[in-house]
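For reference, the structure discussed in these notes is given below.
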Amino acid sequence: MSRLTIIGIGPGSADYFMPVAKRKMQEAHTVIAAQRILPMLREACGQTEAEFVPMGKLKDTFFLIGNLLLEKKTVALVVSGDPLMYSLYKTILQNSCSEDWEMEVIPGIGSMQMMGAAFGETMEDALLLSVHGRSRPAGSIALDVTENEKVFFLCSKEQGPAWLSRIMMEYGLSHVTVFAGANLSYEDEMLVSGSPEEMADKEFPSLCVAMIKNPHPKKILRPRFLSDEDFERGRTPMTKEEIRVLILHKMKLHPADVVWDIGAGTGSVSIECARQVPFGAVHSVERDEAAVALIQKNKEKFGTNHLTVHHGDAEEEVKKLPAPDKVFIGGSGGKLKQILETIAAFEKKIPVTISAVTLETIAEAGETLAKYDADYDVIQATVGRGRKIGGYHILDTNNPVMIFTGTV
């Protein structure tokens with residue numbers, strides 16, 4: 001009966017050949033493997049009638065296997081390591097020529113397992129990656145290490161432990177530990193570990209594996225706007241997510257900006273600002289004690305340590321703040337005129353964004369802002385949210401919001 005058996009033989013030493021792998025090779029009509037491991041396979045199999053054939057280009061190898069299977073021959077395709085881990089099996093499955101092939105897989109001990117065993121590290125909590133023959137951006141690797149306690153790498157000559165160590169240094173990850181292993185299971189086995197600085201200049205064989213341990217992994221927030229449900233809410237009114245997006249767009253923040261959020265409420269706009277100014281600072285001003293507590297909770301939840309909360313009346317608190325680059329005013333306690341006067345007292349011109357809902361605030365915002373910027377911009381935003389009633393959907397429409405943008 002024709003069948004292709006894909007066999008993993010482990011790291012390379014015959015000591016790690018599975019008995020079933022030897023038996024499958026002995027029973028096969030043809031054994032196909034890389035030229036460098038054929039002598040070892042012949043010796044390991046002992047007396048057998050199997051024909052040992054060196055593996056050529058993938059196209060030629062697949063053509064050979066297809067012909068042998070058509071002739072009702074049994075074929076053993078042998079690979080090092082584990083065929084299920086960054087190996088040939090996936091390539092075979094993705095090739096249309098294998099659709100009618102009957103296949104079985106004999107797993108082997110992979111080099112990542114050997115590495116884990118050598119350093120006494122388990123793998124169930126690790127991220128497994130390959131940079132062997134793959135173009136992987138340095139930033140992507142740094143992100144993976146930042147977010148995971150352990151990352152195992154299948155390496156190549158160019159993308160090896162030293163290269164990984166230099167990436168760690170470039171992205172400020174000098175606190176991690178880099179482990180490297182090469183020629184695993186052989187007499188000249190190489191095992192070494194150290195800090196990125198210690199490992200960056202070392203030389204390693206072309207085929208090796210690495211592991212990086214990060215004692216303080218942390219998830220990096222992705223650059224997206226937050227949903228209302230992401231925040232700690234309470235009963236404090238909150239600027240809705242669709243309106244926040246418009247406000248942030250109008251503010252046009254720079255990563256190093258100093259930002260004021262006046263009348264911060266739950267802090268939803270403050271948090272979004274803080275996420276966009278990782279090298280700047282955000283100052284949230286809020287007079288309601290319950291709202292201040294919510295801002296603190298959201299600050300802790302999103303890890304925005306460069307956000308400072310100021311509890312008190314806006315008119316007085318803004319006089320204590322450092323000069324801003326951008327200002328958002330979501331509530332002024334009836335002191336909009338005085339707040340804008342404080343902003344106008346700075347030497348530089350400062351972009352200000354104001355949101356208003358009541359007719360009185362809309363009138364005051366337009367009249368007061370016009371004194372500083374006759375060409376101020378204003379838009380009206382109304383958001384309707386669908387709600388199901390029976391078999392129909394209707395829109396529940398929120399109050400329209402006026403968003404003013406000008407320079408003071």
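Structure data summary
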{"item": "Tally of residues being in contact (Cβ under 8 Å) with a residue 24 or more places away in the chain, in contact with a Gly (Cβ under 9 Å, 6 or more places away or on another chain) and either part of a helix (DSSP H, G or I) or closer than 14 Å to ILE106 by Cα (or both) across the range 12-54", "result": "7"}
{"item": "Every pair of residues 6+ apart whose Cβ atoms lie under 7 Å, when the first sits in the range 331-359 and is in contact (Cβ under 8 Å) with a residue 24 or more places away in the chain while the second is of a type in the set (Lys, Arg) and open to solvent by 20 Å² or more (accessible area, probe 1.4 Å)", "result": "GLY333/ARG287; THR342/LYS319; PRO351/LYS326; THR353/LYS250"}
{"item": "Within the range 299-385, helices (runs of 4 or more DSSP H) holding 2 or more residues that are under 35 Å from the mean Cα position of the chain (by Cα)", "result": "none"}
{"item": "Any hit, the range 225-236, residues being open to solvent by 10 Å² or more (accessible area, probe 1.4 Å), more than 24 Å from the chain's Cα centre (by Cα) and without any contact (Cβ under 8 Å) to a residue 60 or more places away in the chain", "result": "yes"}
{"item": "Residues of the range 46-68 satisfying the condition of being within 19 Å of ARG23 (Cβ to Cβ), open to solvent by 60 Å² or more (accessible area, probe 1.4 Å) and among the aliphatic types (A, V, I, L, M)", "result": "none"}
{"item": "Scope the range 95-121; condition more than 22 Å from SER193 (Cα to Cα), modelled with pLDDT of 90 or more and not in a loop (DSSP other than H, G, I, E, B); matching residues", "result": "MET103, GLU104, VAL105, ILE106"}
{"item": "Some residue of the range 278-289 being at pLDDT 90 or above, in a loop (DSSP other than H, G, I, E, B), open to solvent by 30 Å² or more (accessible area, probe 1.4 Å) and not small (Gly, Ala, Ser)", "result": "yes"}
{"item": "Considering residues of the range 153-186 that are under 16 Å from the mean Cα position of the chain (by Cα) and in contact (Cβ under 8 Å) with a residue 40 or more places away in the chain only, the residue surrounded by the most Cβ atoms within 10 Å (Cβ to Cβ)", "result": "MET168"}
{"item": "Criterion: open to solvent by 30 Å² or more (accessible area, probe 1.4 Å) and in contact with a His (Cβ under 7 Å, 6 or more places away or on another chain) - qualifying residue of THR74, THR122", "result": "THR74"}
{"item": "Considering residues of the range 247-260 that are over 24 Å from ASP288 (Cβ atoms) and assigned to a helix (DSSP H, G or I) only, the residue most open to solvent (accessible area, probe 1.4 Å)", "result": "HIS249"}
{"item": "Out of GLU197, GLU203, sole residue that is touching a helix residue (DSSP H, G or I) at 6+ places or on another chain (Cβ under 8 Å), at pLDDT 95 or above and charged (D, E, K, R)", "result": "GLU197"}
{"item": "Residue among ILE379, ILE350, ILE354, ILE394 that alone is modelled with pLDDT of 95 or more, farther than 18 Å from LYS337 by Cα and of a type outside the set (Phe, Trp, Tyr)", "result": "ILE379"}
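The values are calculated or read from the model by the stated rules, or taken from the named source; none is laboratory data. Everything quoted here is computed from the prediction, not taken from an experiment. All Cβ positions, glycine included, derive from the backbone under ideal geometry; neighbour counts span all protein chains shown. Please note that ligands, DNA and RNA were not included when accessible areas were found on the heavy atoms of the full protein model with its side chains. Shrake-Rupley method; radii C 1.70, N 1.55, O 1.52, S 1.80 Å.
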